[in-house]
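The values are calculated or read from the model by the stated rules, or taken from the named source; none is laboratory data. Note that the structure is a prediction, hence the values are computed from the model and not measured. We place every Cβ from the backbone using ideal geometry, glycine too, and count neighbours over all the protein chains shown. With ligands, DNA and RNA removed, areas are computed over all heavy atoms of the protein, side chains included. Shrake-Rupley method; radii C 1.70, N 1.55, O 1.52, S 1.80 Å.
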Amino acid sequence: MAKLSVEEVKHVAKLARLAITDEEAEKFATQLDAITDFANELQELDTTNVEPTTHVLPVHNVFREDIPVKGLDRDVVMKNVKEHQDGLVKVPPIIAQ
Amino acid sequence: MMSLFDKTSAQLQEALKNKEMTIADLTTEAYARIDALDGEIGAFFSFK
Amino acid sequence: MEEAAAKDQVPFEERGPLFGLPIGVKDNIVTEGIETTCASKILEGFNPIYSATVVEKLRKAGMVTIGKVNMDEFAMGSANENSAIKKVHNPWDFDRAPGGSSGGSAAAVSAGEVPFTLGSDTGGSIRQPAAFCGVVGMKPTYGRVSRYGLVAFASSLDQIGPITRNVRDNALLLEAIAGVDEHDSTSANVEVPSYVDQLTGDIKGLKVAVPKEYLAEGVSEGVKAQVLAAIEKLKELGATVDEVSLPHSKYALAAYYIISSSEASSNLSRFDGIRYGFRAEADNLEDLYLQTRAQGFGDEVKRRIMLGTYSLSAGTYDAYYKKAQQVRTLIKQDFDKVFEEYDVIVGPTTPTTAFKLGENLDDPMTVYANDILTVPINLAGVPAISIPCGFDNEMPVGLQIIGKYFEEGTIYRVADAFEKATDFHNAKPQTWEVK
């Protein structure tokens with residue numbers, strides 16, 4: 001596995017919606033490299049025909065009865081929203097003006 | 001200042017039942033210990 | 001305080017074993033009306049609009065929630081040095097870390113501030129600080145305790161658990177918080193037994209397995225000596241002890257970091273400044289996300305999000321995340337095989353005693369290595385406890401006892417028998433003598 005370049009780090013940061021500086025990108029590249037090497041160890045293991053474990057319990061789809069129940073009170077939900085108006089959450093424009 | 005909290009919960013319930021102290025005393029004790037110690041330990045955030 | 005006074009009015013016949021007793025709750029568990037921050041800037045001032053199921057259960061048991069306790073930011077860390085709010089100091093030596101991520105939970109109990117706390121454990125976050133602080137910390141079977149209201153780090157690994165100064169109190173608290181919950185579809189529909197009833201003090205004939213991988217290189221001589229002495233004590237009490245192997249142990253850390261980071265990167269994507277928490281100034285929505293998260297998250301959290309995002313990106317999915325999940329199956333099978341013949345598995349909880357604050361901060365690999373004895377347990381989903389079993393250079397050493405799925409009762413029986421035969425749980429750091 002190739003070591004991460006600063007460009008690759010910046011691409012990952014964009015996917016994660018994290019603004020990072022060039023210095024941070026350099027630092028992350030080194031740190032992610034160390035961890036990536038660690039992860040390369042797993043390649044040593046033969047996992048042919050081994051099922052992945054996504055959940056340790058044999059859990060199946062857990063449903064509730066299809067009966068409408070009261071949801072959260074909107075005023076309560078809005079308590080932690082920084083900017084809202086008429087029961088709607090306000091955000092800056094999606095496209096810069 | 002000694003703490004009540006080296007007692008087990010069973011011992012604490014016994015002490016409450018024998019009216020040696022109240023739940024309010026226990027709560028006060030907790031706040032007092034935190035006041036005295038937590039400046040150096042840093043375990044607690046907000047209080048109710 | 002009015003709450004405490006009101007509780008004093010309740011007749012004794014109506015009071016359960018935990019009624020009126022004080023407890024601290026780790027700050028990644030939501031408490032309605034009490035600020036919950038996960039020790040992060042991104043949730044400063046966040047006031048939850050509901051309480052976690054475990055908090056509701058504490059209320060039903062009559063406990064008095066004294067406050068929220070410190071932790072590593074979003075439960076990511078092994079030294080409680082990643083708190084964006086303040087550091088936690090080990091009550092046994094203020095220059096040393098309490099462990100993490102439930103550092104506040106363990107330190108509070110160790111210092112005698114409160115007799116009970118709730119912590120959470122994803123890769124050792126209850127057990128390791130319990131070991132470093134000389135207290136009792138239990139990570140239950142995955143699904144034993146509801147995660148509803150626990151701010152998710154890694155959804156297939158997280159569990160809430162009790163931290164106390166003695167085993168019986170730990171068992172009482174677990175009984176109070178365990179159980180299936182309709183709000184948490186990953187919670188197990190398995191009856192909660194009386195754990196306290198299983199504290200018979202008798203472990204004659206108990207079959208104990210000690211994995212050779214857990215007493216190998218990397219474990220300090222001082223820790224090894226205490227753990228071996230503890231194992232001798234178990235033999236004295238009538239248990240049989242054999243060496244076994246968990247051959248895939250060494251791959252657990254790599255698998256853990258990939259799985260937990262991947263799940264974390266997904267879980268933390270909800271922190272975007274829109275509906276709650278810190279919101280940065282920005283002209284457009286994209287910048288709002290980028291700046292809010294850049295300014296709101298600490299370095300360790302960003303690192304894990306980056307790793308997780310990378311693991312899950314197209315092109316490396318098979319080699320990273322899927323491979324890690326397959327290795328997870330192999331790790332789980334190691335435990336299954338041993339548990340076919342043995343009742344519990346024991347070993348040290350950590351390779352060393354508590355390290356000095358600031359000692360490991362620059363090298364993520366050293367900090368990560370502190371997890372090697374604890375993360376396989378989370379990957380397999382089995383329950384495990386850490387109990388005090390001695391001292392090395394005047395710092396506490398923890399013994400880890402691992403059990404079969406939903407066999408917390410057996411773990412408690414062993415831990416309790418050991419506690420009855422020793423005195424380590426009564427040791428107190430000098431903070432108890434404060435004037």
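Quick grid of which residues meet (1) under 30 Å from C:T141 (Cα atoms); (2) of a type outside the set (A, V, I, L, M, F, W, C); (3) at pLDDT 85 or above:
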| site | (1), (2), (3) |
| --- | --- |
| A:E41 | yes, yes, yes |
| A:L45 | yes, no, yes |
| A:V50 | yes, no, yes |
| A:T53 | yes, yes, yes |
| A:F63 | yes, no, no |
| A:V76 | no, no, yes |
| A:K82 | no, yes, no |
| A:V91 | no, no, yes |
| A:Q97 | no, yes, no |
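Taking segment A:46-66, which residues are farther than 15 Å from C:L312 by Cβ, surrounded by fewer than 16 Cβ atoms within 10 Å (Cβ to Cβ) and at the interface with chain C (Cβ under 7 Å from one of its Cβ atoms)? Break it down into steps so the answer makes sense when it comes.
Within segment A:46-66, the first condition is being farther than 15 Å from C:L312 by Cβ, and the residues that meet it are A:46-51, A:53, A:55-66.
Narrowing the set further to residues that are surrounded by fewer than 16 Cβ atoms within 10 Å (Cβ to Cβ) leaves A:46, A:48-49, A:51, A:55, A:58-66.
Once the filter is applied, which keeps residues that are farther than 15 Å from C:L312 by Cβ, surrounded by fewer than 16 Cβ atoms within 10 Å (Cβ to Cβ) and at the interface with chain C (Cβ under 7 Å from one of its Cβ atoms), segment A:46-66 yields A:E51, A:H55, A:V59, A:V62, A:R64.
With the requirement that a residue be touching a Gly at 6+ places or on another chain (Cβ under 6 Å) and surrounded by 23 or more Cβ atoms within 10 Å (Cβ to Cβ), what does segment C:162-187 give you? Spell out how you get there, then give the answer.
As a first pass, look at segment C:162-187 and keep what is touching a Gly at 6+ places or on another chain (Cβ under 6 Å): C:163, C:186-187.
Listed by number, the residues that qualify are C:I163, C:S187.
Which of the residues belonging to segment C:52-63 are among the aliphatic types (A, V, I, L, M) and open to solvent by less than 10 Å² (accessible area, probe 1.4 Å)? It would help to see each step written out before you state the result.
Pass one, segment C:52-63, residues among the aliphatic types (A, V, I, L, M): C:52, C:54-55, C:58, C:61, C:63.
Within segment C:52-63, C:A52, C:V54, C:L58, C:M63 qualify.
Which pairs do you get when a residue that is more than 8 Å from chain B (Cβ to nearest Cβ) and farther than 18 Å from C:V64 by Cβ, found in segment C:105-121, comes within reach of a residue that is surrounded by fewer than 24 Cβ atoms within 10 Å (Cβ to Cβ) and polar (S, T, N, Q), reach meaning Cβ atoms under 9 angstrom, with the pair 6+ apart or on two chains?
Hits for this filter: C:S110/C:T431.
Quickly run through segment C:173-213 and pick out the residues that are within 17 Å of C:A417 (Cβ to Cβ) and assigned to a helix (DSSP H, G or I).
Listed by number, the residues that qualify are C:V196, C:D197, C:Q198.
Can you say whether C:L150 is in contact with a strand residue (DSSP E or B) (Cβ under 6 Å, 6 or more places away or on another chain) and modelled with pLDDT of 95 or more, as far as the supplied structure shows?
On the way: in contact with a strand residue (DSSP E or B) (Cβ under 6 Å, 6 or more places away or on another chain): yes; modelled with pLDDT of 95 or more: yes.
In short, yes.
For segment C:366-384, does any single residue satisfy the condition of being of a type in the set (F, W, Y), buried (at least 18 other Cβ atoms within 10 Å of the Cβ) and over 17 Å from C:P129 (Cβ atoms)? Even if it seems obvious, please write down each step before you answer.
Of all residues in segment C:366-384, those of a type in the set (F, W, Y) come to C:368.
Those still in the list that are buried (at least 18 other Cβ atoms within 10 Å of the Cβ) too: C:368.
The next check asks that each one be over 17 Å from C:P129 (Cβ atoms); those that pass are none.
No - not one qualifying residue is present in segment C:366-384.
Looking only at residues in segment C:258-270 that are touching a helix residue (DSSP H, G or I) at 6+ places or on another chain (Cβ under 9 Å) and open to solvent by 10 Å² or more (accessible area, probe 1.4 Å), which one is farthest from the other protein chains (Cβ to nearest Cβ)? Even if it seems obvious, please write down each step before you answer.
At the first step, the residues of segment C:258-270 found to be touching a helix residue (DSSP H, G or I) at 6+ places or on another chain (Cβ under 9 Å) are C:258-269.
Of the ones still in play, those that are also open to solvent by 10 Å² or more (accessible area, probe 1.4 Å) are C:263, C:265-267, C:269.
On the way: C:E263: 10, C:S265: 6, C:S266: 10, C:N267: 12, C:S269: 7 Å.
By that ranking, first place goes to C:N267.
For segment C:314-336, name all the residues that are surrounded by 16 or more Cβ atoms within 10 Å (Cβ to Cβ) and at pLDDT below 85.
Correct list: C:T316, C:A319.
Looking only at residues in segment A:9-23 that are open to solvent by less than 40 Å² (accessible area, probe 1.4 Å) and part of a helix (DSSP H, G or I), which one is nearest to the other protein chains (Cβ to nearest Cβ)? Step through it out loud before you land on a result.
Looking only at segment A:9-23, we keep the residues that are open to solvent by less than 40 Å² (accessible area, probe 1.4 Å), and these are A:9, A:12-13, A:16, A:18-20.
Then drop every residue that is not part of a helix (DSSP H, G or I), which leaves A:9, A:12-13.
Details: A:V9: 7, A:V12: 5, A:A13: 7 Å.
Among those residues, the one meeting the criterion is A:V12.
If only one of C:K41, C:K86, C:K68 is open to solvent by 10 Å² or more (accessible area, probe 1.4 Å) and either within 24 Å of C:S146 (Cβ to Cβ) or more than 12 Å from every other protein chain (Cβ to nearest Cβ) (or both), which one is it? Explain how you work it out, then say what you get.
On the way: C:K86 fails: either within 24 Å of C:S146 (Cβ to Cβ) or more than 12 Å from every other protein chain (Cβ to nearest Cβ) (or both); C:K68 fails: open to solvent by 10 Å² or more (accessible area, probe 1.4 Å).
One residue alone meets the criteria, C:K41.
Residues to consider are C:I49, C:I29, C:I34, C:I23; find the one that is more than 8 Å from chain B (Cβ to nearest Cβ), open to solvent by 10 Å² or more (accessible area, probe 1.4 Å) and under 30 Å from C:V301 (Cβ atoms). Lay out the reasoning, then the answer.
Values: C:I29 fails: open to solvent by 10 Å² or more (accessible area, probe 1.4 Å); C:I34 fails: more than 8 Å from chain B (Cβ to nearest Cβ); C:I23 fails: open to solvent by 10 Å² or more (accessible area, probe 1.4 Å).
Exactly one residue qualifies, and that residue is C:I49.
For C:P396, indicate whether it is surrounded by 19 or more Cβ atoms within 10 Å (Cβ to Cβ), at pLDDT 95 or above and touching a Cys at 6+ places or on another chain (Cβ under 8 Å).
Details: surrounded by 19 or more Cβ atoms within 10 Å (Cβ to Cβ): yes; at pLDDT 95 or above: yes; touching a Cys at 6+ places or on another chain (Cβ under 8 Å): yes.
Considered against the rule, which asks whether it is surrounded by 19 or more Cβ atoms within 10 Å (Cβ to Cβ), at pLDDT 95 or above and touching a Cys at 6+ places or on another chain (Cβ under 8 Å), C:P396 comes out as yes.
Conditions: (1) among the polar types (S, T, N, Q); (2) out of contact with any Leu (no Cβ under 9 Å at 6 or more places or on another chain); (3) in contact (Cβ under 8 Å) with a residue 24 or more places away in the chain. C:T36 meets all but one. Number of the miss?
Of the numbered conditions (1) among the polar types (S, T, N, Q); (2) out of contact with any Leu (no Cβ under 9 Å at 6 or more places or on another chain); (3) in contact (Cβ under 8 Å) with a residue 24 or more places away in the chain, the odd one out for C:T36 is (2).
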